[in-house]
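These notes concern the structure reproduced below.
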Amino acid sequence: MGKTFSHHTLLKKEYVTIPISEEWKKAIGEPEVGFTALIYGDSGSGKTTFCIKLTKELAKHGKVYYNSCEQGESRSLQKVCQFCDIHEVKKSQLMFGDRDTFEEMLEKLKKNRAKFVIIDSLQYANLTTAQYKLLIEKYPKKAFLIISWSKGGKPKGEYGKAIEYMVDIKITVHKGVAKAASRFGHTEPYKIFDAPQKAQQGQTHSIPFNQTLNQKSS
């Protein structure tokens, strides 16, 4: 059962924010500990590159667990990481999941101290609204950032559309530019890369997630 609270309690409470750089405050606002975000856009628009760049910033403030459901351990992900100079992040501050299932992800979250969890993507992970609620209720101090495909300028699918209304930050990515609607303050467009550069990032066709599950179990 949810608790009740007074407006006096609310007004007096001090909420802990993450001291991200001014560059990122302009892009996503000044988020609280345990914030949530949905990042969506068309294929090749720069969603993964944006999240890897954001990972570099978040890793300064806590460990990041990046579940790469689409690309997994691959040359294409390697190229994105090279493009973003991810080698500058301390080894202890970042771990990748190689197409972890939801159950595998829960098991890893029990064991590690990741403060930031990135799921790439909602559709490949088959993440449902109920699973999303379970994550944020079970781990209220962890931030969850979810990448989604888009259709018609909106997150694709029933769950993507529902989760869009639940998150603190909605980020649309189009042709190398990210634009955020944030509960944490005014934002400005963030340039991820020049449009011609997207070919350098190893854009490839992905393997269906259920196929990767069969490969992992074989």
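Do you know which of the residues in region 135-153 that are of a type outside the set (Lys, Arg) and over 18 Å from residue 125 (Cα atoms) is most open to solvent (accessible area, probe 1.4 Å)? Taking the candidates together, the pick is 137.
Every listed requirement among (1) over 18 Å from residue 46 (Cβ atoms); (2) outside any helix (DSSP H, G or I); (3) open to solvent by less than 80 Å² (accessible area, probe 1.4 Å); (4) of a type in the set (Lys, Arg) is met by residue 113 save one, (3).
The condition of being open to solvent by 60 Å² or more (accessible area, probe 1.4 Å) and within 22 Å of residue 176 (Cβ to Cβ) holds for only one of 88, 104, that being 88. Looking at region 161-177, which of its residues are under 23 Å from residue 192 (Cα atoms) and among the small types (Gly, Ala, Ser)? 176 - this is the single residue of region 161-177 that is under 23 Å from residue 192 (Cα atoms) and among the small types (Gly, Ala, Ser).
Cβ-Cβ distances below 6 Å connect the following pairs, each with a first residue in region 45-56 that is in a helix (DSSP H, G or I), a second residue that is among the polar types (S, T, N, Q) and surrounded by 22 or more Cβ atoms within 10 Å (Cβ to Cβ), and a separation of six or more residues or different chains: 49/201. Only one of the numbered conditions (1) surrounded by fewer than 20 Cβ atoms within 10 Å (Cβ to Cβ); (2) within 18 Å of the chain's Cα centre (by Cα) is violated by residue 65, and that is (1). Of all residues in region 95-122, those that are under 13 Å from residue 69 (Cα atoms) have Cβ atoms under 9 Å from Cβ atoms of residues that are β-branched (Val, Ile, Thr) and open to solvent by 40 Å² or more (accessible area, probe 1.4 Å), 6 or more apart or on another chain, in 99/207.
The values are calculated or read from the model by the stated rules, or taken from the named source; none is laboratory data. Since the structure is predicted, the reported quantities are computational estimates derived from the model, not experimental observations. Cβ sites come from the backbone with ideal geometry, for glycine too, and all protein chains shown count toward neighbours. When the accessible area is computed, the model is the full protein with side chains, heavy atoms only, and any ligands, DNA or RNA have been set aside. Shrake-Rupley method; radii C 1.70, N 1.55, O 1.52, S 1.80 Å.
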